[in-house]
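The values are calculated or read from the model by the stated rules, or taken from the named source; none is laboratory data. Bear in mind the structure is a predicted one, so any value in this text is a computation, not a measurement. When we count neighbours, we look across all protein chains shown, and the Cβ atoms used for this are built from the backbone with ideal geometry, even at glycine. Areas reflect the complete protein model, heavy atoms only, side chains present, ligands, DNA and RNA absent. Shrake-Rupley method; radii C 1.70, N 1.55, O 1.52, S 1.80 Å.
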Amino acid sequence: HAQSPRAPQPRITTPAPAYVSYLTREGDTLYDIAGHYLRAPGDWAVLSRLNDMPAPRRMPAGIALRLPADRLKQDPESARVIATSGPVEHAFGKNPYLPVKPGTTLGEGDRIRTGPDGFVTLELPDGSHVTIAQEGELDIGRLRRTTLTSAADRVLELRRGAVESQVTRATKKDDRFQIRSPSVVAGVRGTRFKVAYDGDAQTTAVEVLDGAVGVDPGVAAHRAGPPPGVPLQASAQLVKARFGSITRAGEAIGEPVELLPAPALTQPAKVQDGETVAFDLVPAERAVAYRVQIARDADQLDLIRELRVSAPHADFGNLADGTYFVRIAAIDGHGLEGMPQVYGFERRRLGLAASAAQRAGSRDYEFRWFVSRAAGETRFRFVLAASADLRHPIVDRTDLSGGQFVVSDLPAGVYYWTIIAEQFENGRFYETSSSIRSFTLAR
């Protein structure tokens, strides 16, 4: 029987040697240059052969020498943790995991992992930011700066989950910033993008919000990816802003797909004063799900909550009072997360408890209430009607200051009522209502 054709294997090409030019200073020797700028002092011999130059000779200023790029010395750098929320841990090498706090410094060899509702943002020396979402694992593979050229070399290994990067635009052609997953290498020179790896499906999603990302197979050259200085256009796939791609491990890089536009909130100015913090989204065309995130800052560097919901509604449960920012994005049928929209909102819990009962031996009905937030003066409005829509009130009393109201001599029947609390604080007006309740007066 005919044998099934074997899948084509990715070609592993060896890049041509790269060199960096160095202009000598008065009195330089190859020993000095190798000691300062190359990995090992013994690399003077490489310089001697490469430039046909005797090692002991002291050189005048202005001679152009070639230095092998792959032998350049690099100095270690560190990343600083600027925000954490929930369970976040790090470990160096095979050491045990320890909690991560803001101010912690991390470097090459550090492994970071987040738990449920765990988020952490790192700041790199050039001002770039990397945010690891909940249930994620990221290793710092390389975090260095080349001594001679000051070019940055940053390689992060994504093991699980999603990481979002806001990368400061590169100032040197051999700057390198890469996010590597088991299926792709995503390289940038200044952009805002997200990489998410699904270990179960063995797929990596790359979503580009700003700039461009070069995407290459993760298997090539043991996932080394393009070396520093290689233009993004030389990558297997160039994903531009507002596009994304999904790649399965061992397969060709996915074709770019246009991301869904940003959805909107139905009530963007709503004060979150209920028992839970909840958002309703305007249903987005072609969306199969939505990502809703809450952060303490507008740039979403200090994330604290995240939900993926199949309907355009997200309920985060309780949240402490304060000012927050919610980011919403639609997810398409490919699983790509679309362009985001960010709204500021205020969480200001104004609980209102109310009760009613008939006074014994009378036709008086007594209503009581209290608020959970005593901020400044609270005024109340009491409404009583014979219909659930309260359109034609029997009693409508405003500007009440106490927590009690009595209605006398009501005829028999079914009644509906509510109490509305109003507060004015820091130049803003706040209002909340109790649920509409009913009671029956028998004959």
Out of curiosity, is THR440 open to solvent by less than 40 Å² (accessible area, probe 1.4 Å), among the hydroxyl-bearing types (Ser, Thr, Tyr), out of contact with any Lys or Arg (no Cβ under 6 Å at 6 or more places or on another chain) and in a strand (DSSP E or B)?
no
In region 122-140, which residue that is β-branched (Val, Ile, Thr) and touching a Phe, Trp or Tyr at 6+ places or on another chain (Cβ under 8 Å) is nearest to THR168 (Cα to Cα)?
THR131
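Filter region 183-210 down to residues that are of a type in the set (Asp, Glu) and either part of a loop (DSSP other than H, G, I, E, B) or within 12 Å of ALA249 (Cβ to Cβ) (or both) and give me whichever is modelled with the highest pLDDT.
ASP198
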Residue by residue through region 244-266, note down the ones that are open to solvent by 70 Å² or more (accessible area, probe 1.4 Å) and either in contact with a helix residue (DSSP H, G or I) (Cβ under 7 Å, 6 or more places away or on another chain) or part of a strand (DSSP E or B) (or both).
ARG248, GLU258
Unmet requirement for GLY109, which otherwise passes all of (1) under 17 Å from GLN74 (Cβ atoms); (2) surrounded by 17 or more Cβ atoms within 10 Å (Cβ to Cβ)
(2)
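Okay, residues lined up against (1) among the basic types (Lys, Arg); (2) in contact with a helix residue (DSSP H, G or I) (Cβ under 7 Å, 6 or more places away or on another chain); (3) over 18 Å from PHE439 (Cβ atoms); (4) not in a strand (DSSP E or B):
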residue: ALA356; (1), (2), (3), (4): no, no, no, no
residue: ARG363; (1), (2), (3), (4): yes, no, no, yes
residue: PHE382; (1), (2), (3), (4): no, no, no, no
residue: SER387; (1), (2), (3), (4): no, no, no, yes
residue: LEU390; (1), (2), (3), (4): no, no, no, yes
residue: VAL395; (1), (2), (3), (4): no, no, no, no
Enumerate the pairs (first residue in region 344-364 and more than 30 Å from ILE294 (Cα to Cα); second residue anywhere and open to solvent by 40 Å² or more (accessible area, probe 1.4 Å) and of a type in the set (Val, Ile, Thr)) with beta-carbon separation below 7 Å, excluding pairs fewer than 6 apart on the same chain, so at least 6 apart or on different chains.
ASP364/VAL406
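Residue-wise test of (1) open to solvent by 30 Å² or more (accessible area, probe 1.4 Å); (2) closer than 20 Å to VAL163 by Cβ; (3) over 21 Å from the mean Cα position of the chain (by Cα).
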site	(1), (2), (3)
ARG286	yes, no, yes
SER310	yes, no, no
LEU319	no, no, no
ARG359	yes, no, yes
(1) more than 27 Å from VAL88 (Cα to Cα); (2) small (Gly, Ala, Ser); (3) part of a strand (DSSP E or B) all hold for ALA314 apart from (1)
How many residues, within region 269-291, are modelled with pLDDT of 95 or more and closer than 28 Å to SER434 by Cα?
6
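Residues checked against (1) in contact with a strand residue (DSSP E or B) (Cβ under 9 Å, 6 or more places away or on another chain); (2) on the phi > 0 side of the Ramachandran plot; (3) open to solvent by less than 40 Å² (accessible area, probe 1.4 Å):
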residue	(1), (2), (3)
PRO268	yes, no, no
GLN272	yes, no, yes
ALA295	yes, no, yes
GLN300	yes, yes, yes
GLU306	yes, no, yes
Residues located in region 17-44, provided they are outside any loop (DSSP other than H, G, I, E, B), open to solvent by 30 Å² or more (accessible area, probe 1.4 Å) and out of contact with any strand residue (DSSP E or B) (no Cβ under 7 Å at 6 or more places or on another chain):
TYR31, ASP32, GLY35, HIS36, PRO41, GLY42, TRP44
For GLY403, work out the one condition from (1) at pLDDT 85 or above; (2) under 45 Å from the mean Cα position of the chain (by Cα); (3) over 10 Å from ARG379 (Cα atoms) it doesn't fulfil.
(3)
Scanning region 321-343 for residues that are farther than 28 Å from GLN202 by Cβ and touching a residue at least 60 places away in the same chain (Cβ under 8 Å), which turns out most open to solvent (accessible area, probe 1.4 Å)?
GLN341
Being open to solvent by 20 Å² or more (accessible area, probe 1.4 Å) and modelled with pLDDT under 95 narrows ARG169, ARG159 down to just ARG169
